[in-house]
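To start, the structure itself, in structure tokens.
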Amino acid sequence: MSSGASVNALQRLVEQLKLEAGVERIKVSQAAAELQQYCMQNACKDALLVGVPAGSNPFREPRSCALF
Amino acid sequence: GSNHEQMLKRGYWSLKSDSFITKGKMPVLLVHQVAERVEALGQFVMKTRRTLKGHGNKVLCMDWCKDKRRIVSSSQDGKVIVWDSFTTNKEHAVTMPCTWVMACAYAPSGCAIACGGLDNKCSVYPLTFDKNENMAAKKKSVAMHTNYLSACSFTNSDMQILTASGDGTCALWDVESGQLLQSFHGHGADVLCLDLAPSETGNTFVSGGCDKKAMVWDMRSGQCVQAFETHESDINSVRYYPSGDAFASGSDDATCRLYDLRADREVAVYSKDSIIFGASSVDFSLSGRLLFAGYNDYTINVWDVLKGSRVSILFGHENRVSTLRVSPDGTAFCSGSWDHTLRVWA
């Protein structure tokens, strides 16, 4: 015979699982297509992906001398 | 009575097995299959452009300032340093009263930093350029946990901080008053990492823990809204995809994974037979196409998020990579290591 406390804990677990199961889902094919679309739309701004014009990435320049 | 309990147990196992199927264990279309016709990426030339030396022990955490230039880092020896990554100069340094400062974060304004670790607290230090002022004098204790602080992040403003702890909880705090605004219970073991959703996507954050679970939380209600349990070991790092529709994780099981929030399941696994050490830290490039991951075998692997393949492996650190963040404008990323240094790569 289990204690009331563990039954309550089990009840809460079941409620949490029901909440998570109730999430509305889209298909992976649609989700993946949208992730892909986001990548494509933003690729040109992604310096680590496509690089930037010479001189405009401060880390690719030799470091400046601190004068003070 | 015991009938009620029996019914609950049946319900529990039925829900758990459904979730096992829908969340990721059954084979299903994955991102790389959908992305088959996407052009493969070419060769990458990414090198260490700056090395930040000055910590006396393992670097455990780092964060970028919104100015894309300053970096805060924290170390096992209790030191927290603010660097100008362009010049590699140290601008501020403070010694914490504890060792193992596992978490640090830059405030959105750039005017303060937060940090903590084995002291079980998260403290905020305003940054001052007054040479006469002692940084430690203005320290403000904000968060109190009952075990170590593993991660911290300011929300959209300097006014609130989100924390994760070895005590198994996350919490949201008001910086000014130190008041607990919301706590997040649900992890079955230490929480090791957290990341806030990009501001456009609303008030949620994701956390990862030693219970192998990644959990997505509603910040207002304190409720867990989605949970994912496909990793086979501790989750050391979680990071949202730039659109906010997905997040990546890095784990001691030597894999990184991608979870889509709207499909509510794992949609990619980034792994290789030759990679057998844990991934400690992950972050996306600006477009989300690349995933940078630091590992306990001292390397950084660069993954094509869509194709699922590794595009580059970066050597340089002489001990575990413990922390990694891409700069706010995506021009570079910084890694911190147990070799006492930080490296900026571009």
Item to check | Residue mean of other protein chain beta carbons inside 10 Å, A:16-27 | outcome: 6
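Other chains' Cβ within 10 Å of B:319-332 residues: what's the mean?
Partner-chain Cβ atoms within 10 Å, mean over residues of B:319-332: 2.
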Checklist outcome for this item: Going through B:Lys47/B:Lys90; B:Lys121/B:Lys307; B:Lys53/B:Lys272; B:Lys213/B:Lys272; B:Lys47/B:Lys68; B:Lys66/B:Lys139 one by one, the pairs whose alpha carbons sit over 30 Å apart turn out to be B:Lys121/B:Lys307; B:Lys53/B:Lys272
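Counting only C-alpha contacts under 8 Å and six or more residues apart, can you give the relative contact order of chain B as a whole percent?
Computed value for chain B: 15 percent relative contact order.
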Checklist outcome for this item: Cα extents of region A:24-67 per principal axis, largest first, Å, are 59, 20, 9
Checklist outcome for this item: Spelling it out for B:Tyr241: with amide H atoms placed in the peptide plane at 1.01 Å from N, the residues 5 or more places away or on another chain with amide H under 5 Å from its amide H are B:Ala246, B:Phe247, B:Ala248
Item to check | Inter-probe distance in nm under a simple model that places probes 7 Å from Cα toward Cβ, at B:Gln179 and A:Arg25 | outcome: 4.1
Next on the checklist: Could you tell me how many cubic angstrom of Cα convex hull volume region B:168-303 has per residue?
Outcome noted: 113
Next on the checklist: Whole-Hz ³J(HN,Hα) for each residue in region B:278-295, computed from phi via Karplus 6.51 cos²θ - 1.76 cosθ + 1.60 with θ = phi - 60°, x for glycine and proline: what do you get?
Outcome noted: x, 8, 9, 7, 10, 7, 8, 6, 4, 8, x, 6, 10, 10, 9, 9, x, 10
Checklist entry - For region B:174-218, rounded, prolate or oblate, judged on the Cα gyration tensor with a ≥ b ≥ c (square roots of eigenvalues), a/c < 1.5 rounded, else prolate if a/b > b/c? => result oblate
Next on the checklist: Quick one: the Cα spread of chain B along its three principal axes, in angstroms, biggest first?
Outcome noted: 69, 56, 33
Item to check | Residue (of B:Ser75, B:Gly42, A:Ser6) at the positive-pole extreme of the protein assembly as shown, dipole from beta-carbon charges | outcome: B:Gly42
Item to check | Per-residue HN-Hα couplings for region B:312-317 [Karplus 6.51, -1.76, 1.60; θ = phi - 60°; Hz; x = Gly/Pro] | outcome: 6, 10, 10, 9, x, 5
Item to check | Inter-chain Cβ neighbour average for residues B:263-270, partner chain, 10 Å | outcome: 4
Item to check | Selection from B:Gly188, B:His317, B:Ala246, by position along the positive dipole direction of the protein assembly as shown (Cβ) | outcome: B:His317
Next on the checklist: Which of rounded, prolate or oblate describes region B:137-227 when judged by the alpha-carbon gyration tensor and an a/c cut-off of 1.5?
Outcome noted: oblate
Checklist outcome for this item: Charge dipole of the protein assembly as shown built from unit charges on the beta carbon (Lys, Arg +1; Asp, Glu -1), centred at mean Cα; most positive-end Cα among A:Gln30, B:Thr99, B:Gly54 is B:Gly54
Checklist outcome for this item: Listing B:Ile71, A:Ile26, B:Ile81, B:Ile275 by rising number of other beta-carbon atoms within 10 angstrom, fewest first, gives A:Ile26, B:Ile275, B:Ile81, B:Ile71
Checklist entry - ³J(HN,Hα) across region B:192-197 via Karplus (A = 6.51, B = -1.76, C = 1.60, θ = phi - 60°), whole Hz, x for Gly/Pro? => result 9, 7, 8, 8, 7, 5
Item to check | Ellipsoid semi-axes in whole angstrom, largest first, where each is sqrt(5λ) of the Cα gyration tensor of the protein assembly as shown | outcome: 35, 28, 17
Item to check | Size of electric dipole in region A:24-67: Cβ of Lys, Arg +1 and of Asp, Glu -1, about Cα centre, debye, nearest 20 | outcome: 80
Next on the checklist: Can you list residues from other chains, or at least 5 along the same chain, whose modelled amide H is less than 5 Å from the amide H of B:Glu91?
Outcome noted: B:Val82, B:Trp83, B:Asp84
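Treat region B:224-346 as a sphere of radius equal to its Kirkwood radius over Cα pairs and apply Stokes-Einstein at 25 °C in a medium of 0.890 mPa s; give the translational diffusion coefficient in µm²/s, rounded to a whole number.
Roughly 172 µm²/s, to the nearest whole number.
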Next on the checklist: At a 10 Å Cβ-Cβ cut-off, how would you order B:Ser281, B:Ser271, fewest neighbours first?
Outcome noted: B:Ser271, B:Ser281
Checklist entry - For B:Glu91, B:Glu229, B:Glu39, what's the fewest-to-most ordering of other Cβ within 10 Å of each Cβ? => result B:Glu39, B:Glu91, B:Glu229
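No lab work stands behind these numbers, since they all come straight from the coordinates. A quick note: this is a predicted structure, and the numbers were derived from the prediction, not measured. Here the Cβ is made from the backbone with ideal geometry for all residues, glycine too, and neighbour counts use every protein chain on show.
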